Amino acid sequence: MDPDTALLWLRRDLRLHDHPALHRLTGEFERVLCVFVLDDRLLAGRCASGPRTAFMLGCLRALDDELRERGSGLIVRRGRPEEELAALAGELGAGAVGWTSDVSPFARARDRRVTEALLAAGVAPVPCGGGYAIDVGRIATKDRRRPYTVFGPFWHAWRDVPRRPVHPAPARLAALPPGLASGALPSLAALGLAGLPAPFAEPGEAAARRALDAWLDGPVDRYAERHDAVGEPGTSGLSPYLRWGCLSVRECEERAVARGGEGAAAWIRQLCWRDFLAHVLLHHPDNVRREHQERFRQLAWEDDAPALEAWRAGRTGYPLVDAGMRQLAATGWMHNRARMVAGSFLTKDLHLDWRAGEEHFARLLLDGEPAQNNGNWQWVASVGVDPAPAARRIFNPTLQAQRFDPDGAYIRAWVPELRGVLNAAIHEPWTMSEAEQEAAGCAIGRDYPAPIVDHMIERRRALERYAGVRRSA
């Protein structure tokens with residue numbers, strides 16, 4: 001065994017800048033080699049995603065280029081990580097394998113298996129932090145006994161947690177050993193998956209850093225006032241990069257603090273939300289299968305396959321909902337305000353199980369990952385850690401569109417059938433007269449559907465359903 005060689009097992013940390021595990025290993029070992037293991041349990045699992053896998057493969061190719069520029073390269077293996085890593089460590093005589101810890105139940109179980117396999121092979125496991133701005137497993141309520149379940153107190157405590165330094169990317173890394181089969185990244189087609197015609201973001205750390213620079217160069221200043229405007233580029237659009245670790249959340253926070261201002265402060269609060277949802281899932285792993293609030297586990301969801309398909313296809317008759325769902329299908333991303341409206345519509349207007357929405361998003365979102373996807377779906381369904389009553393989570397899709405897409409720019413961009421509709425009717429196209437429909441080139445019920453439900457009726461039904469559960473509890 002070579003005590004000077006270590007492996008860095010990459011997962012959702014596809015970068016070289018501010019990488020705590022990489023920084024630690026390069027400080028303790030002369031030779032650090034990077035490896036990624038393609039795991040078919042994820043590639044072909046319940047929420048297999050062509051769009052997200054395509055983005056991941058692009059990030060890995062870009063990372064391989066970055067490694068080669070530093071004299072190294074990416075080692076690729078396919079199989080079960082506990083088997084592949086132990087075998088590779090044995091082949092190279094590596095004394096340790098390091099990685100960035102994660103919070104999902106699947107990731108934690110996988111890491112336990114890897115740890116056991118490495119120890120059995122005489123290789124030291126070196127799990128490290130670095131996936132979040134702070135160590136989300138160590139922050140706790142003032143009595144140090146319980147995890148947080150409400151964002152406000154978490155936010156106040158999060159701000160006071162001491163921060164680690166931001167680490168630079170290494171200038172050089174060790175060359176791959178002669179004769180080592182480094183492996184090759186497969187094509188998306190070889191994995192039996194399909195991508196998207198117009199993905200939301202260019203993959204890779206270099207693209208991520210350019211996007212962060214552009215965001216902090218000015219647009220962030222308007223974030224507090226414009227982040228809900230769906231027709232404008234008012235958000236950072238960095239979520240796919242954060243999901244795959246092409247950017248360090250800690251570095252994002254530090255640079256936003258240096259930028260200063262109301263917009264940067266509001267954005268930092270959203271970075272804290274990301275840490276909070278990871279903290280919740282870490283301490284409540286059963287949330288991946290059931291509602292955090294026990295009383296709502298008895299909430300009866302309807303079984304309406306045609307309504308679910310209309311929602312997935314962006315054919316509900318409510319323009320903002322449909323625009324968001326079509327943006328997701330075309331690009332692998334959806335504006336956060338549209339996500340909330342679409343989620344509310346599924347659970348409060350159609351009364352369909354939030355898990356159906358979570359699974360659909362997980363299949364398409366480039367930024368889809370368990371803690372964020374699950375936490376946000378439970379939030380909008382009013383069954384998660386946020387104690388707010390259901391009435392505060394029922395979004396009127398028409399009023400939301402009028403407020404956050406007043407001229408219909410977002411709707412027209414993603415629902416081409418409505419491009420000829422005048423502003424006066426763009427949010428309620430079903431109110432057009434026959435003459436107005438003809439002039440707009442959009443016949444309701446033929447070119448664009450009439451609303452599949454009446455929002456006000458379904459709102460009352462939703463309130464009754466949730467109130468019934470609270471009474472019985």
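Please state which of the following conditions GLN270 fails to meet, knowing it meets all the rest: (1) more than 30 Å from ALA413 (Cβ to Cβ); (2) not assigned by TED's automatic domain parsing to the domain that holds ASP386.
Exception for GLN270: condition (1).
Please note which helices (runs of 4 or more DSSP H) are completely contained in the stretch 213-314 and include at least 3 residues that are surrounded by fewer than 22 Cβ atoms within 10 Å (Cβ to Cβ). So that I can check it myself, show each step before the final result.
Values: elements: 223-226, 239-243, 249-259, 262-283, 305-313.
The qualifying helices (runs of 4 or more DSSP H) are 223-226, 249-259, 262-283, 305-313.
On the basis of being crowded, with 21+ Cβ neighbours inside 10 Å, under 16 Å from LEU277 (Cα atoms), under 22 Å from the mean Cα position of the chain (by Cα) and not aromatic (Phe, Trp, Tyr), does VAL103 make the cut? Steps first, answer last, please.
Numbers: crowded, with 21+ Cβ neighbours inside 10 Å: yes; under 16 Å from LEU277 (Cα atoms): yes; under 22 Å from the mean Cα position of the chain (by Cα): yes; not aromatic (Phe, Trp, Tyr): yes.
Yes; evaluated as a whole, the condition is true for this residue.
Results for (1) basic (Lys, Arg); (2) in a loop (DSSP other than H, G, I, E, B); (3) modelled with pLDDT under 95, shown as yes or no for each residue.
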position	(1), (2), (3)
ALA109	no, no, no
THR115	no, no, no
ASP143	no, yes, yes
ARG163	yes, yes, no
ARG172	yes, yes, no
GLY179	no, yes, yes
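Hey, any hits in the stretch 384-394 for a residue that's under 30 Å from PRO197 (Cβ atoms) and either modelled with pLDDT under 95 or surrounded by 22 or more Cβ atoms within 10 Å (Cβ to Cβ) (or both)? Walk me through how you get there before you give the answer.
Taking the stretch 384-394 first, the residues under 30 Å from PRO197 (Cβ atoms) are none.
For the stretch 384-394, residues under 30 Å from PRO197 (Cβ atoms) and either modelled with pLDDT under 95 or surrounded by 22 or more Cβ atoms within 10 Å (Cβ to Cβ) (or both): absent.
For the stretch 140-159, what are the residues that are surrounded by fewer than 18 Cβ atoms within 10 Å (Cβ to Cβ) and either of a type in the set (Val, Ile, Thr) or assigned by TED's automatic domain parsing to the domain that holds PHE36 (or both)? If you could, list the steps in order and put the result at the bottom.
Looking only at the stretch 140-159, we keep the residues that are surrounded by fewer than 18 Cβ atoms within 10 Å (Cβ to Cβ), and these are 140-147, 150, 152-153, 155-157, 159.
Once the filter is applied, which keeps residues that are surrounded by fewer than 18 Cβ atoms within 10 Å (Cβ to Cβ) and either of a type in the set (Val, Ile, Thr) or assigned by TED's automatic domain parsing to the domain that holds PHE36 (or both), the stretch 140-159 yields THR141, VAL150.
Is there a residue in the stretch 431-438 that is crowded, with 16+ Cβ neighbours inside 10 Å, assigned to a loop (DSSP other than H, G, I, E, B) and more than 31 Å from the chain's Cα centre (by Cα)?
Looking through the stretch 431-438, at least one residue is crowded, with 16+ Cβ neighbours inside 10 Å, assigned to a loop (DSSP other than H, G, I, E, B) and more than 31 Å from the chain's Cα centre (by Cα).
Name the pairs: first residue in the stretch 18-45 and assigned by TED's automatic domain parsing to the domain that holds ARG77 and farther than 14 Å from VAL97 by Cα, second residue among the hydroxyl-bearing types (Ser, Thr, Tyr) and not in a helix (DSSP H, G or I), Cβ to Cβ under 6 Å, at least 6 apart or on different chains?
Pairs that qualify, where the first residue is assigned by TED's automatic domain parsing to the domain that holds ARG77 and farther than 14 Å from VAL97 by Cα and the partner is among the hydroxyl-bearing types (Ser, Thr, Tyr) and not in a helix (DSSP H, G or I), are ASP18/SER248.
What are the pairs, 6+ residues apart or on separate chains, where a residue within the stretch 232-260 that is closer than 13 Å to ASP13 by Cα and at pLDDT 95 or above has its Cβ under 9 Å from a residue that is of a type in the set (Val, Ile, Thr) and not in a loop (DSSP other than H, G, I, E, B)?
LEU242/VAL249; GLY245/THR100
Among (1) under 27 Å from VAL32 (Cβ atoms); (2) free of Cβ contacts under 8 Å to residues at least 40 places away in the same chain, where does GLY218 come up short?
That leaves (1) as the condition not met.
Given the condition within 30 Å of TRP333 (Cβ to Cβ), more than 33 Å from the chain's Cα centre (by Cα) and in the same structural domain as GLU302 (by TED's automatic domain parsing), answer yes or no: does some residue in the stretch 462-472 qualify?
No.
The values are calculated or read from the model by the stated rules, or taken from the named source; none is laboratory data. Everything quoted here is computed from the prediction, not taken from an experiment. In this analysis, Cβ positions are derived from the backbone assuming ideal geometry, glycine residues included, and neighbour counts consider all displayed protein chains.
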